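The next block holds one structure in the form of C-alpha cells; read it before the comments.
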Amino acid sequence: MNSQSATPKGDVIRIGTRGSALALAQTGVVAAAVAKASGQPVEIVPIMTEGDHSRQSLAALGGTGVFASALREALIGEACDLVVHSLKDLPTTAYPGLRIGAVPKRADARDALCARDGLTLEALPAGSRIGTGSPRRAAQLRGWRPDVTVVDIRGNVDTRLSKVDSGELDAVVLAAAGLTRLGRLDAVTEFFELGRWPTAPGQGALAIEVREKYSTSFAAMLKAIEHSTTRIAVFAERAVLSRLEAGCAAPIGATAVIDGELLFLSATVYAPDGSSSLTSSHALVLEGSAAERAGLPLELGDRVADELLRLGAADIAPIGASS
C-alpha cells in the first residue's frame, strides 16, 4: 500500500506502535476495532523509539515527543499503514504528510496515586518519596504536599510500581487509563479528581495517525472508530498547548468537557516548584456547520491560553518552547 492508493481487499493493515506493554495493550484494542471496521486482517508492528531505550529524564530528552518521532518516520516510510499514539505524548505541531485520522473514545483521564499501605496523598507522612517522570505532576505534588520529596523516575508501569513494592519509593503517580488498560487498577490507592488535579492535554485518549492521502475504504474505517466528542474535547485541550507554545511535558493541566451543546475548557499552568499556579476557564456553544464546529476547539483553546498569558503564565512556567 502507498499513501495515495486504496488498501486492496485482503491486504493486511499494519499498525505501528511502541513496544512497551502499555503501548501494545492499547494498540491491541485499536487493532480489534480496525479489523472489525475494515473486514481485513491486521498486523501489529512494534517500533523502538528513543524514549524507550534512553534512561534520561523526559525533560532532558526534549519532552514526550521523543516517543512519537520514530513512529512517524515509520509511517512516512510506509513500514506501517497507521500508528497508535497516546495522545498526550503527541506534539501539537503538525508533521508534514501526516494527520490524525481518528480519535477513539477516551478512557479515564484522571491521574492515580499508587502508594504503600493503601495510603492517600494526604495520609502519606512528611518526607515521603513520590515518583513521577512528569513535570506537571511534580509541580502538582509540590503544590499540594510541599513536605514530600518528588523523585524523577523513568520506566514502564510495572517498573514504577515495583519501586513502591520494594520500598524504594512510598508512592508513584500514574495515568488511570494506562493502569486500566494493563489491568493494574488493584495498585491504585487514590484517584485524583480532574477539578482539583487537571491532567495532561489529551490524557486517556489515543490518536490514530495516518498519511494524508488514503482511499475511500480506509476513510470509512477511520470514521467507524472515531469518537467525535472525544476529538472535540482533546483538540480543545491541545489548542492550549499549541497557543502557549508549550511542549508535551510542560507543567500544564487541561480538562475539556462537553455538556449538551456546551464545550467547557479549563487549563492551569504551574510553577515547576509548585509555589504558584494560574487557571483560566471558558465555554462556548457547539454550533454551526461541520466545518465551523471543527474550528471551535481551537477558538476556545486560544481564548483560554490568551487569558493565561495575560495573567502572567510565561512568568511562572517554562513555556514558549516549541512542542
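Is it the case that Val34 is at pLDDT 95 or above, surrounded by 12 or more Cβ atoms within 10 Å (Cβ to Cβ), touching a Leu at 6+ places or on another chain (Cβ under 9 Å) and among the aliphatic types (A, V, I, L, M)? Here the answer is yes, as Val34 does meet what is asked.
Filter the stretch 166-192 for residues that are of a type in the set (Asp, Glu) and without any contact (Cβ under 8 Å) to a residue 40 or more places away in the chain; which is nearest to Ala23 (Cα to Cα)?
Restricting attention to the stretch 166-192, the residues satisfying the condition of being of a type in the set (Asp, Glu) are 168, 170, 186, 190.
Next, from what is left, pick out any that are without any contact (Cβ under 8 Å) to a residue 40 or more places away in the chain: 168, 186.
Working: Glu168: 26, Asp186: 20 Å.
Applying the filter and picking the extreme gives Asp186.
Checking each residue in the stretch 106-132 for being part of a loop (DSSP other than H, G, I, E, B) and either within 19 Å of Asp152 (Cβ to Cβ) or β-branched (Val, Ile, Thr) (or both) picks out Thr120, Leu121, Leu124, Gly127, Ser128.
With Leu179, Leu194 as the choices, which residue is within 15 Å of the chain's Cα centre (by Cα), modelled with pLDDT of 95 or more, under 26 Å from Arg137 (Cα atoms) and in a helix (DSSP H, G or I)? So that I can check it myself, show each step before the final result.
Working: Leu194 fails: in a helix (DSSP H, G or I).
The unique qualifying residue is Leu179.
Out of the stretch 102-132, which residues are of a type in the set (A, V, I, L, M, F, W, C), free of Cβ contacts under 8 Å to residues at least 60 places away in the same chain and in contact with a strand residue (DSSP E or B) (Cβ under 7 Å, 6 or more places away or on another chain)?
Leu124, Ile130
For the stretch 198-232, the tally of residues that are within 25 Å of Arg18 (Cα to Cα), buried (at least 17 other Cβ atoms within 10 Å of the Cβ) and aliphatic (A, V, I, L, M) stands at 9.
For the stretch 68-84, the candidate set comprises residues that are touching a helix residue (DSSP H, G or I) at 6+ places or on another chain (Cβ under 6 Å) and either assigned to a strand (DSSP E or B) or of a type in the set (Asp, Glu) (or both); within that set, the residue that is farthest from Leu206 (Cα to Cα) is Val83. The sole residue among Asp117, Asp81, Asp89, Asp147 that is modelled with pLDDT of 95 or more, acidic (Asp, Glu) and surrounded by 23 or more Cβ atoms within 10 Å (Cβ to Cβ) is Asp81. Residues of the stretch 158-176 include at least one that is at pLDDT 95 or above, crowded, with 18+ Cβ neighbours inside 10 Å and within 30 Å of Ala294 (Cβ to Cβ).
Residues Ala256, Ala290, Ala305: which one is closer than 21 Å to Ile232 by Cα, small (Gly, Ala, Ser) and surrounded by fewer than 16 Cβ atoms within 10 Å (Cβ to Cβ)? Steps first, please.
Working: Ala256 fails: surrounded by fewer than 16 Cβ atoms within 10 Å (Cβ to Cβ); Ala305 fails: surrounded by fewer than 16 Cβ atoms within 10 Å (Cβ to Cβ).
None of the others qualify; the one that does is Ala290.
The values are calculated or read from the model by the stated rules, or taken from the named source; none is laboratory data. In this text the structure is predicted, and so the values were computed from the model without any measurement. Glycine also receives a Cβ, built like all others from the backbone with ideal geometry; neighbour counts cover every protein chain displayed.
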